[in-house]
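The values are calculated or read from the model by the stated rules, or taken from the named source; none is laboratory data. Model, not experiment: these values are computed from the prediction. Virtual Cβ from ideal backbone geometry, glycine too; neighbours counted across all protein chains shown.
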Amino acid sequence: MNRIDSHRLGQGTWAMGEHASRRDDEVRALRLGLDLGITLIDTAEMYGEGGAERIVGAAIAGRRDEVTIVSKVYPHNAGYDDVQRACERSLARLGTDRIDLYLLHWRGGVPLAETLEGFEALRQAGKIRAYGVSNFDRADMEEAWHLPGGPAIAANQVLYNLRRRGIEYDLLPWCRTHGIPVMAYSPLESDRREQRRLFDDRVLREVAQRHGATPAQIALAWLCRQDGVVAIPKAVNPEHVRANRAALDIVLTDDDVALLDTAFPPPRGPVPLDVL
């Protein structure tokens with residue numbers, strides 16, 4: 001079974017590793033998440049130019065076998081030889097001998113066939129256990145699927161939350177049909193203004209009140225109930241880490257979901273892929 005399939009909630013690390021003064025808090029937050037059973041951690045060589053991977057490495061020290069590590073390679077490092085070197089650098093920063101899932105962060109100038117060949121070489125060498133992509137729309141996925149190594153793609157990480165449901169029209173159904181989990185980044189938005197627009201929604205607040213929960217928890221619970229979707233919120237505040245974990249225990253009713261659909265309607269036609 002794909003290691004991602006067993007997860008519904010992970011820990012994101014976007015913007016971690018950028019300030020030395022925050023290092024200890026970031027490490028503690030990730031360790032708390034592990035203690036609470038949130039054992040998937042998502043990172044990338046881009047985040048803090050390797051700084052986030054170092055934070056993850058510190059957090060998982062002595063606990064590597066508990067953790068599913070996802071990291072991502074820059075498109076300009078996605079050539080056959082370059083991706084071997086990029087992976088080695090990520091492994092060194094993470095302090096581990098393997099990455100569980102290694103993703104192409106977004107499409108660049110390197111042919112997909114070459115990147116997939118490089119990923120397969122890393123998998124054969126035991127440096128990574130699986131590989132996938134990020135920020136791919138349906139056309140990208142179909143193109144990759146028909147290349148050598150394409151059917152081994154183990155995940156597609158995209159922007160997905162209550163306010164950004166465009167993938168439900170064609171990308172999410174395609175991924176489900178092909179058994180490819182979707183990892184939802186920025187599940188609670190990332191820009192503070194956009195986050196407030198989400199959390200201040202009257203219907204979302206009403207559903208949250210019904211469950212004695214916060215709007216953020218309901219937004220996460222909604223995502224985590226989606227088949228084949230893993231949400232990866234980032235949290236540094238310990239209260240937020242605990243609240244994220246508690247969202248897994250919220251069971252939304254059909255009425256709740258219907259209400260949320262009125263406030264955040266699903267797409268009625270093709271929508272360009274949202275990317276941050």
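Checked against the criterion of being modelled with pLDDT of 95 or more and closer than 26 Å to Ala61 by Cα, the candidates Thr115, Thr96 yield just one match: Thr96.
Out of all the residues in the stretch 21-39, is one or more among the aliphatic types (A, V, I, L, M) and touching a Pro at 6+ places or on another chain (Cβ under 8 Å)? The answer is yes; a qualifying residue exists. Within the stretch 214-268, the set of residues being in contact with a Cys (Cβ under 7 Å, 6 or more places away or on another chain) and of a type in the set (A, V, I, L, M, F, W, C) comprises Ala231, Ala247, Leu248.
Scanning the stretch 56-75 for residues that are within 19 Å of Trp14 (Cβ to Cβ) and either over 18 Å from the mean Cα position of the chain (by Cα) or assigned to a helix (DSSP H, G or I) (or both) returns Val56, Gly57, Ala58, Ala59, Ile60, Pro75.
Just one residue in the set Val67, Val110 is in contact (Cβ under 8 Å) with a residue 24 or more places away in the chain and touching a Gly at 6+ places or on another chain (Cβ under 7 Å); that residue is Val110. Just for the stretch 40-55: of the residues that are of a type outside the set (A, V, I, L, M) and in a loop (DSSP other than H, G, I, E, B), which one is nearest to Trp14 (Cα to Cα)? It comes out as Thr43.
Going through (1) closer than 27 Å to Asn156 by Cβ; (2) free of Cβ contacts under 8 Å to residues at least 60 places away in the same chain one by one, Met183 falls short only on (2). Scanning the stretch 16-39 for residues that are more than 20 Å from Leu220 (Cα to Cα) and assigned to a loop (DSSP other than H, G, I, E, B) returns Met16, Gly17, Glu18, His19. So, in the stretch 134-161, exactly how many residues are surrounded by fewer than 24 Cβ atoms within 10 Å (Cβ to Cβ) and of a type in the set (S, T, N, Q)? Total satisfying the criteria: 2.
Restricting attention to the stretch 20-52 and to residues that are more than 21 Å from Ile4 (Cβ to Cβ) and of a type in the set (A, V, I, L, M), the residue that is surrounded by the fewest Cβ atoms within 10 Å (Cβ to Cβ) turns out to be Ala20. Criterion applied to Tyr185, Tyr160 was being aromatic (Phe, Trp, Tyr), within 23 Å of Thr262 (Cβ to Cβ) and at pLDDT 95 or above, and the one residue passing it is Tyr160.
Against the condition among the small types (Gly, Ala, Ser), in contact with a Gly (Cβ under 9 Å, 6 or more places away or on another chain) and buried (at least 17 other Cβ atoms within 10 Å of the Cβ), how does Ala15 come out, does it pass? Spelling it out, it is not the case that Ala15 is among the small types (Gly, Ala, Ser), in contact with a Gly (Cβ under 9 Å, 6 or more places away or on another chain) and buried (at least 17 other Cβ atoms within 10 Å of the Cβ). Any residue at all in the stretch 117-138 that's assigned to a helix (DSSP H, G or I) and in contact (Cβ under 8 Å) with a residue 40 or more places away in the chain? The answer is yes, given that some residue of the stretch 117-138 is assigned to a helix (DSSP H, G or I) and in contact (Cβ under 8 Å) with a residue 40 or more places away in the chain.
Considered as a group, the residues in the stretch 123-133 that are among the hydrophobic types (A, V, I, L, M, F, W, C) and within 18 Å of Ala144 (Cα to Cα) include one that is surrounded by the fewest Cβ atoms within 10 Å (Cβ to Cβ), and that residue is Ala130. Give the stretch 231-259 a look and list any residue that's surrounded by fewer than 24 Cβ atoms within 10 Å (Cβ to Cβ), assigned to a helix (DSSP H, G or I) and not aliphatic (A, V, I, L, M), or say none. Correct list: Pro238, Glu239, His240, Arg242, Arg245, Asp254, Asp255, Asp256.
Residues in the stretch 152-176 that are free of Cβ contacts under 8 Å to residues at least 60 places away in the same chain and touching a Ser or Thr at 6+ places or on another chain (Cβ under 9 Å): Asn156 only.
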